[in-house]
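To keep things clear, I will list the structure first and then write my remarks on it.
The values are calculated or read from the model by the stated rules, or taken from the named source; none is laboratory data. In this text the structure is predicted, and so the values were computed from the model without any measurement. Counting neighbours? That spans all protein chains shown, and the Cβs are built from the backbone with ideal geometry, glycine included.
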Amino acid sequence: MTAPSGSRPPAERLILGLAVFSHDNAAALLRGTEVLFAAEQERFDRVRHSRALPLDAVEAALRHAGVSFADLDDVVINYDPARMVWGYLRHIWRYLPRSLRMLCEPRRYRNVLRLRGYRAALGERFGDLSHLRWHAVGHHLAHAASAFFRSGFERAAVLTSDALGEFDAAGFALGEGNRLRVLASLPYPHSLGAVYSAVTDHLGFEIYAGEGKVMGLAGYGRPEPARALDGAIRCQPGGRFEVNLDWFRYHVMPFVHEGWTTPRFAARFGPPRPRGAPLRDRHADLARALQDLSDRVTVHLCRHLRETTGLADLCYAGGSALNAYGNTKALTEGGFARLFVQPAANDGGTALGAALYHAHQTLGLPREPREGGTFLGPAFGEDACEEALRRAAVPFLRPPDLAAAVAARLAQGRVVGWFQGRLEFGPRALGHRSILADPRPARLRDRLNAEIKRREGFRPFAPMVPVEEADRFFAMPARDLPYMLFIVPVRPEWRERLAAITHVDGTTRVQTVDRAAEPLTWALLRAFERESGVPVLLNTSFNGPGEPIVCTPAEAVASWRRNGLDDLVLGPFLTRNP
């Protein structure tokens, strides 16, 4: 029986972390410093990048841990509401009169008032809140905590970067043991993340959703115009930088509004591309220039942290940390020996970071430096998988050697939905909710883009490979890259032979698989090697266009049918699309 809330010692306190006020809202549950659960709300309400209060994620966390809402001790949110509203008002005052249009959609001002509404919604769903202690952690501090406290480093420099949080755009911190110390904050609107989103919008893709598309498009850009965007950001001493606000107007526009570039930007780089219009060479060149600019600014930030702290290890989180090209540059040119990027580097990861900050920094709980992993969501047993198949009237079998049976299907050119274990926390599918295919034929890449994912044909796919084999196929900047967060060159002799996962620029976003951590996925890779000669598979997220990654067995069955996959694996069961 759980002890009454408030009477437990710190190491046994149940801490609920919430990511609210933004996109990718999420919930995380800790017992002391032990992470019991973390998941984004989108996986439950099926709205991609959901901004809803993560009530469904909270309910899933409680169910997974076998506790009730009444058992909770602390709730920690991922923003400082007072700092948010004062930052918002100061920002409007500074940029008058152009900033007055922000009052048309004062989302950040309303968020403070809505906090009472959020509490009421929690109470309506879960009951009495009077026993809870409420806490707030600054947004970039929550990002920093999510990275450092989940890294394996005893001491490390910590970098955070995104569009904005409260009214900071980036931050430097120092982590040591169970403590984080802020070194400096870089104020909005001088924001690398906001510039990347502004150009994403100019290129005709959705802000806060299309940045990954721009990263893929950059591979098609020519190197000659790659310095064209140098005037957008000027790096300065002390790790700071200044955005050319003559080219951008995101800082005086309503939040998440189209049209973040100015007429001066359009005069230099061409008019904004309407959504769905054909892509031209100039669009790819602009994407390449943006990516090169982003890389240079990222290296600038990293080198400053290295010089300031003198440390060998770096932790990194925030939306900018999902830029795999930039991460590779940070690792190879930033001056650090090792780099840990939080796999849930998006705003959802701040639910976990806020809870961890409270556990270590506020409650003073000790920390064991150990990398935490990302399989933190709900799990579904064999019974649930079998029930989903039977309810859908889908014929299935239970192969005695699942890895061998699936590898044989993959070697025949079939596309397989793969559903195993606990759901990934963060935007990447890493072998628990994945679509898998043969990495060799280019036609499979084209089929996946055109028929299954139904997305732009220029978008690349990523490989998974046993960690001990990775350097054979890819020029690895580090031995183990398990979270699909680094882009590396495919070795020249393998580019044509691994055509489905080799991007036009000869690179790929690799995921390494460790046998001890993921024995079934590792066995599948080795079984595919016996069939094909290569222990590599194409891995992409298990979802269709505009959908979040599947969460439940029933969603996996529905997505398999709706999106035209050939085969489906649910736990130990294998079926075939009729």
*With respect to residue 308, determine if the residue is within 30 Å of residue 154 (Cα to Cα), part of a helix (DSSP H, G or I) and out of contact with any Pro (no Cβ under 8 Å at 6 or more places or on another chain).*
yes
*Here are some residues: 359, 321, 289. Which one is touching a helix residue (DSSP H, G or I) at 6+ places or on another chain (Cβ under 6 Å) and part of a helix (DSSP H, G or I)?*
289
*Taking residue 393, is it over 24 Å from residue 374 (Cα atoms) and part of a helix (DSSP H, G or I)?*
no
*Hey, among the residues in the stretch 122-165 that are basic (Lys, Arg) and within 21 Å of residue 14 (Cα to Cα), which one's surrounded by the fewest Cβ atoms within 10 Å (Cβ to Cβ)?*
125
*Are there any pairs with C-beta distances below 8 angstrom linking a residue in the stretch 89-101 that is assigned to a helix (DSSP H, G or I) and of a type in the set (A, V, I, L, M, F, W, C) to a residue that is at pLDDT 80 or above and crowded, with 16+ Cβ neighbours inside 10 Å, with the two at least 6 apart or on different chains, and if so which?*
100/92
_Selection from the stretch 264-281 of residues that are without any contact (Cβ under 8 Å) to a residue 12 or more places away in the chain and part of a loop (DSSP other than H, G, I, E, B)_ = 271, 278, 280
*If residue 470 passes every condition in (1) within 30 Å of residue 45 (Cβ to Cβ); (2) in a helix (DSSP H, G or I) but one, which one does it miss?*
(1)
*Residues of the stretch 397-442 being in contact (Cβ under 8 Å) with a residue 24 or more places away in the chain, within 11 Å of residue 566 (Cβ to Cβ) and of a type outside the set (Val, Ile, Thr), which ones?*
409, 410, 413, 414, 417, 436, 437
_Scan of the stretch 66-88 for residues that are part of a helix (DSSP H, G or I) and either crowded, with 19+ Cβ neighbours inside 10 Å or of a type outside the set (Phe, Trp, Tyr) (or both), ordered by number_ = 69, 70, 71, 81, 82, 83, 84, 85, 87, 88
*Top-ranked residue of the stretch 209-218 - restricted to ones that are in contact with a helix residue (DSSP H, G or I) (Cβ under 8 Å, 6 or more places away or on another chain) and surrounded by fewer than 21 Cβ atoms within 10 Å (Cβ to Cβ), ranked as farthest from residue 346 (Cα to Cα)*: 213
*Pair list, Cβ under 7 Å, 6 or more apart: the stretch 558-578 residue farther than 17 Å from residue 390 by Cβ and touching a residue at least 40 places away in the same chain (Cβ under 8 Å), other residue part of a strand (DSSP E or B) and β-branched (Val, Ile, Thr)*: 565/416; 565/435; 566/416; 567/416; 567/575
_Test set (1) in contact with a Gly (Cβ under 6 Å, 6 or more places away or on another chain); (2) within 20 Å of residue 231 (Cβ to Cβ) - residue 343 fails condition number_ = (2)
*What about residue 20, is it touching a residue at least 24 places away in the same chain (Cβ under 8 Å) and under 22 Å from the mean Cα position of the chain (by Cα)?*
yes
*Looking only at the stretch 137-157, which residues are at pLDDT below 95 and either more than 27 Å from the chain's Cα centre (by Cα) or outside any loop (DSSP other than H, G, I, E, B) (or both)?*
none
_Given the options 504, 465, 488, 550, name the one that is surrounded by 19 or more Cβ atoms within 10 Å (Cβ to Cβ) and in a loop (DSSP other than H, G, I, E, B)._
550
